[in-house]
1. Label points 7 Å out from Cα along the Cβ direction at ARG7 and ARG87: separation in nm?
2. What residues qualify as long-range amide H neighbours of GLY95, i.e. H under 5 Å apart, gap of 5 or more or another chain, H built at 1.01 Å from N?
3. Once you place label points 7 Å from the Cα toward the Cβ at TYR99 and ALA61, how far apart are they in nm?
4. Taking amide H positions as placed 1.01 Å from N in the peptide plane, with prolines and chain starts having none, which residues 5 or more places from LYS67, or on another chain, fall under 5 Å of its amide H?
5. At a probe size of 1.4 Å, how large is the accessible area of THR68, to the nearest 10 Å²?
6. Calculated FRET efficiency, THR79 and ALA46, Cβ-Cβ r, R0 25 Å, to nearest 0.05?
Amino acid sequence: MNSITLRKGLLAVTITASALFFGQQGIAQGIDSTAKKIGRKTAAVANKTANKTASVAVKGAMKITDKTYKGKEGPNGETVYIDKKDRKYYVDDKGKKVYLKASEIHDKVQK
């Protein structure tokens, strides 16, 4: 066989293999970035749902175990609870207790 023809054939095979390899790699990166975007959106929705569930669960438990401070509300209109140690608090959007100072508690506004 002619050495020039053999070189041209090897060059063509090398170029074709390189094009296929880099083409597949580009497709895989596109799939990865799309999967990451979907994962982030799903995680954000799951996080919001988890926070709401925690908040509802804690508020339900507080209505049973602690007293509600009647006629009073928190800084942004939240329900104020009183625990066994006579500390006043409200439950935030993430289900955590936020303890209040006396100056942060005010009378409920009549609607």
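The values are calculated or read from the model by the stated rules, or taken from the named source; none is laboratory data. Given the structure is predicted, the values throughout are model-derived calculations rather than measurements. Here the Cβ positions follow ideal geometry from the backbone for every residue, glycine too, while neighbour counts run over all protein chains shown. The protein model used for the area step is the full one, side chains on, heavy atoms only, and it has no ligands, DNA or RNA in it. Shrake-Rupley method; radii C 1.70, N 1.55, O 1.52, S 1.80 Å.
1. Distance between label points: 8.4 nm.
2. SER55
3. With each label placed 7 Å out from Cα toward Cβ, I get 1.8 nm.
4. Hits under the 5 Å cutoff: ILE82.
5. About 60 Å², ignoring ligands and nucleic acids.
6. According to the calculation, E is roughly 0.40.
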